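Chemist: Attaching a single structure in structure tokens format; questions to follow.
The values are calculated or read from the model by the stated rules, or taken from the named source; none is laboratory data. Note that the structure is a prediction, hence the values are computed from the model and not measured. So basically every Cβ, Gly included, is an ideal-geometry build from the backbone, and we count neighbours across all protein chains shown.
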Amino acid sequence: MSEHMTPEEFRAHGKRVVDWIADYLTRVESYPVRSPSRPGEVRAALPGHPPEHGEPFDAVLADLEHTILPGVTHWQHPSFFAYFPCSSSGPGILGDLLSAGLGVQGMVWATSPACTELETVVVDWLAELLGLPTGFRTDSAGGGVIQDSASSASLVALLAALHRASGGKIATEGITGRYTVYVSSQTHSSLEKAGRIVGIGSNNVRVVEADPDTLAMDPAQLRALIGADVAAGAVPAMVCATVGTTSTTAIDPVAALGEVCREYGAWLHVDAAYAGVAAVCPELRWINEGVHEYADSYVTNPHKWLLTNFDCTVLWLADREPMIDALAILPEYLRNSATESGEVIDYRDWQVPLGRRFRALKLWSVLRWYGAEGLRAHIRRGVALAAEFADLVRADADFALLEHHPLGLVCFRPRWPGLSDADAGAATMAVLERLNDSGELYLSHTKVRGEVWLRLAIGGPATERGHVLDALAAIRRFTRAVRDGRS
Ligand SMILES: *Cc1c(COP(=O)(O)O)cnc(C)c1O
């Protein structure tokens, strides 16, 4: 067994693995959605030491079934409604398999021209499919790149913004003055993390209040905060507007925030990690109002709602130069004539790591398999199911609904007449725990204006109307159980 796997062995095992995945996706509904595994359980079931002698691949598959699977939360289960969907699909999985099969490391153009050029084509295709500005296309001053996560993409955008704000100084001298970044109370935590990583620190990631009703960033508050910071000697480097917040899919007023950015010379980054792909439907393009006129960078995750299995984030820039200036370093061992000719893109300068996977293959597979109309149908189905669920919740006097649910996420909570906010929150969390312990479905929660709300996010390809109706029935059943238990 200490020999390499031969191509014939690979063929045999590979067919079994593909069969295993197909069977898994067929039977995924038979598992509890959230893994019931207790901390340390999977680890305790595995050997503490690596094998000295090679083992047959069948042994790996057997352990996968018996030891690993019980510790897996089934993200592709049709009743997975927690967080945001991480939707996968046959073409996405196969595209990823092909990428693994080629085993390419595409750090610079010369290390695999197709890895770079296919990526350029698919990010330009996706920009067109989403109706994004033509200035984001690679044949303009801008361009797009595939990264591992929105967190990394926002970090790169922040580096580019700091580079521009400092006139290029931070690349050589580091942070010398006080640079500030503006987010809202609803912005994803990755922006604060980016602030820590670049070294401006959490205190310079300034939090603008959100409108109490819409939960969108308030442009007047932004202007006031930037004005005060500038008067105190700070340089406002970047504002992050969110299109579809993680908590409730609130949508920041990009154009109004962009006006403030223009006044102060700040970079406008748009985080549309979840919601951005919805713009494949023309009737949902309103979510990107202001992006054309004001956005310096824009990020969305095909790995959330666009059927491309994790990881696949696309970052676009209106001007790629500050990013490349901030990140390009050319050591001798990477020198090559293609790079020196200036005729090619080296995506290593568009991301934090040097190395990169051939992720374009899976996005390409997905875009070709579904076509624009297939992608639109998928998004529309999610939006329609969410709207139907919201209608049913609204009609039920036992529940309160957050009326803002433009996409696939609905926030709601049981009503607890007579209970304080704190007791009502604890009761709602008790319902959530029972729901998730049941294994029938998986929801997550958030806090809005001091109240605990449940989040039901629809977006998996296997989720049908029946799953959503079953979810509501389970929510009603467990809410009654908690209510009865309290009285
Ligand atoms: C999910 C999400 C992120 C983080 O995405 P990763 O790709 O996991 O880093 C960032 N912003 C928003 C608005 C999100 O919903």
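Chemist: Collect the residues in the range 143-178 that are more than 16 Å from the ligand (Cβ to nearest atom), outside any helix (DSSP H, G or I), surrounded by fewer than 24 Cβ atoms within 10 Å (Cβ to Cβ) and not charged (D, E, K, R), keeping them in residue-number order.
Modeler: If the condition is that a residue be more than 16 Å from the ligand (Cβ to nearest atom), outside any helix (DSSP H, G or I), surrounded by fewer than 24 Cβ atoms within 10 Å (Cβ to Cβ) and not charged (D, E, K, R), then 166, 167, 168, 174, 175, 176, 177 are the ones that fit.
Chemist: Can I ask one more? Select from the range 179-210 the residues that are outside any helix (DSSP H, G or I) and among the polar types (S, T, N, Q) and list them in ascending order.
Modeler: Those that are outside any helix (DSSP H, G or I) and among the polar types (S, T, N, Q): 180, 184, 185, 186, 187, 189.
Chemist: Suppose we filter 375, 407, 402 for residues that are of a type in the set (A, V, I, L, M, F, W, C), within 19 Å of residue 445 (Cα to Cα) and within 19 Å of the chain's Cα centre (by Cα); which single one remains?
Modeler: The unique qualifying residue is 407.
Chemist: Pick from 154, 149: which is assigned by TED's automatic domain parsing to the domain that holds residue 241, hydroxyl-bearing (Ser, Thr, Tyr) and touching a Leu at 6+ places or on another chain (Cβ under 9 Å)?
Modeler: 154
Chemist: Any idea which of (1) out of contact with any strand residue (DSSP E or B) (no Cβ under 9 Å at 6 or more places or on another chain); (2) surrounded by 19 or more Cβ atoms within 10 Å (Cβ to Cβ); (3) closer than 20 Å to residue 442 by Cβ is the one residue 92 doesn't satisfy?
Modeler: For residue 92, the exception is condition (3).
Chemist: May I ask you to list the residues in the range 251-281 that are in contact (Cβ under 8 Å) with a residue 60 or more places away in the chain, assigned to a helix (DSSP H, G or I) and within 16 Å of the ligand (Cβ to nearest atom)?
Modeler: Matches in the range 251-281: 275, 276, 277, 278, 279.
Chemist: Which residues, taken from the range 233-249, are within 9 Å of the ligand (Cβ to nearest atom) and among the aliphatic types (A, V, I, L, M)?
Modeler: 243
Chemist: Within the range 251-279, restricting attention to residues that are under 28 Å from residue 445 (Cα atoms) and surrounded by fewer than 24 Cβ atoms within 10 Å (Cβ to Cβ), which residue is nearest to the chain's Cα centre (by Cα)?
Modeler: Checking each candidate, the answer is 279.
Chemist: For the range 325-372, enumerate the residues that are surrounded by fewer than 16 Cβ atoms within 10 Å (Cβ to Cβ), among the charged types (D, E, K, R) and not assigned by TED's automatic domain parsing to the domain that holds residue 160.
Modeler: Passing the criteria: only 368.
Chemist: Those residues that are within 16 Å of the ligand (Cβ to nearest atom) and in a loop (DSSP other than H, G, I, E, B), I need them from the range 71-129; list them, please.
Modeler: Hits for the range 71-129 are 73, 75, 81, 82, 83, 84, 85, 86, 87, 88.
Chemist: So is residue 325 in contact (Cβ under 8 Å) with a residue 40 or more places away in the chain, more than 16 Å from the ligand (Cβ to nearest atom) and assigned to a helix (DSSP H, G or I) or not?
Modeler: yes
Yes/no per residue for (1) touching a Gly at 6+ places or on another chain (Cβ under 9 Å); (2) exposed (fewer than 15 other Cβ atoms within 10 Å of the Cβ); (3) basic (Lys, Arg):
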{"residue": "9", "(1), (2), (3)": "no, yes, no"}
{"residue": "32", "(1), (2), (3)": "yes, no, no"}
{"residue": "42", "(1), (2), (3)": "yes, no, no"}
{"residue": "50", "(1), (2), (3)": "no, yes, no"}
{"residue": "66", "(1), (2), (3)": "no, yes, no"}
{"residue": "75", "(1), (2), (3)": "yes, no, no"}
{"residue": "96", "(1), (2), (3)": "no, no, no"}
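Chemist: Follow-up question, since we're still on this one. In this structure, does residue 181 turn out to be under 18 Å from residue 261 (Cα atoms), surrounded by 16 or more Cβ atoms within 10 Å (Cβ to Cβ), touching a helix residue (DSSP H, G or I) at 6+ places or on another chain (Cβ under 7 Å) and aliphatic (A, V, I, L, M)?
Modeler: For residue 181, the condition - under 18 Å from residue 261 (Cα atoms), surrounded by 16 or more Cβ atoms within 10 Å (Cβ to Cβ), touching a helix residue (DSSP H, G or I) at 6+ places or on another chain (Cβ under 7 Å) and aliphatic (A, V, I, L, M) - is met.
Residues checked against (1) touching a Leu at 6+ places or on another chain (Cβ under 8 Å); (2) modelled with pLDDT under 95:
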site	(1), (2)
85	no, yes
88	yes, no
100	no, no
103	no, no
106	no, no
114	no, no
122	yes, no
129	yes, no
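Chemist: Under 6 Å between Cβ atoms, which residue pairs at least 6 apart in sequence (or on different chains) link something in the range 26-50 that is at pLDDT 95 or above with a partner that is of a type in the set (A, V, I, L, M, F, W, C)?
Modeler: Final answer for the pair search is 33/80; 33/441; 35/72.
Chemist: Can you work out which of the residues in the range 308-337 that are of a type in the set (A, V, I, L, M) and within 12 Å of the chain's Cα centre (by Cα) is farthest from residue 162 (Cα to Cα)?
Modeler: 314
Chemist: Could you figure out which of (1) among the polar types (S, T, N, Q); (2) away from the ligand (no atom under 13 Å from the Cβ); (3) out of contact with any His (no Cβ under 8 Å at 6 or more places or on another chain) isn't true of residue 214?
Modeler: (3)
Chemist: Still on this structure: Listed residues 366, 352, 344, 383; which is under 23 Å from the mean Cα position of the chain (by Cα), over 26 Å from residue 464 (Cα atoms) and not acidic (Asp, Glu)?
Modeler: None of the others qualify; the one that does is 352.
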